[in-house]
Amino acid sequence: MNEALIEGTFAALYRLRRRLQLFFLDEFDGLYEIFEELRDNPHCNGLDDDRYQRFLGPVPSHIVRAFVRLDEGELSNEDAFTRDPLETPLIQIYALWRSLIRSLHTFRRATFAFLDSLIVSDATAAATSPDGEALECQICAEDIIQPGQIILQLPCHPTHLFHRECLQLISILFCCSPGLYRPTPALFAGLCLLCFLVSSPPPT
């Protein structure tokens, strides 16, 4: 995140009246918690309907009113002529958090939907072994057939099998680590994760 934007946000918050300052701090904390949950929880399939409306739907009326109050004398007297420099970083940081959350939500929903389309049965997975030997998950190297594990088969080759939980963790690594490629479900559909890692290693 842009350091200048963060500094400008805290500078703007510091100069607000206490009541409005706490309001914006609570709102930004809520946005960060939602972002953190989407980023760190591999089992989170985006936001539910209620939270989507709350954080990504139309800007809530109480948020609109809070920004309006910046135009109604909620600043201290000495800041009366510096309203725009205070208001701008607050709007920018609010819009940025919504944008980041929307991107993660969209990625998770698309990824989960695609992974659902790759599920195969234990019998199907066992039948793909050319010599009858037990196949392994291409990520964790454990036997592909495990109690409680969902098996995914990518399109490029029948023996490229993965535990769903392993593939979800890999997708989060690529989605959230700065400097790494960010594959999408469309990329997985046409190119196996193994082929992708071999042919397009992350930049150093």
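Just so it is clear, none of the values below were taken in a lab; they were calculated from the coordinates. Nothing here was measured: the structure is a model prediction, and the numbers come from that model. Here the Cβ is made from the backbone with ideal geometry for all residues, glycine too, and neighbour counts use every protein chain on show.
Taking Lys and Arg as +1 and Asp and Glu as -1, the other residues whose beta-carbon sits under 13 Å from that of Cys166 total -3.
Order these by the 10 Å Cβ neighbour count, fewest first: Glu136, Glu33, Glu142.
Placing the least packed residue first, the sequence is Glu33, Glu142, Glu136.
The trypsin sites (Lys or Arg not before Pro) found in segment 1-64 that occupy coil by DSSP, while having at most 16 further C-beta atoms within 10 Å, are Arg15, Arg17.
Hey, fewest Cβ within 10 Å first, where do Asp116, Asp49 land in order?
With the sparsest Cβ surroundings first, the list reads Asp49, Asp116.
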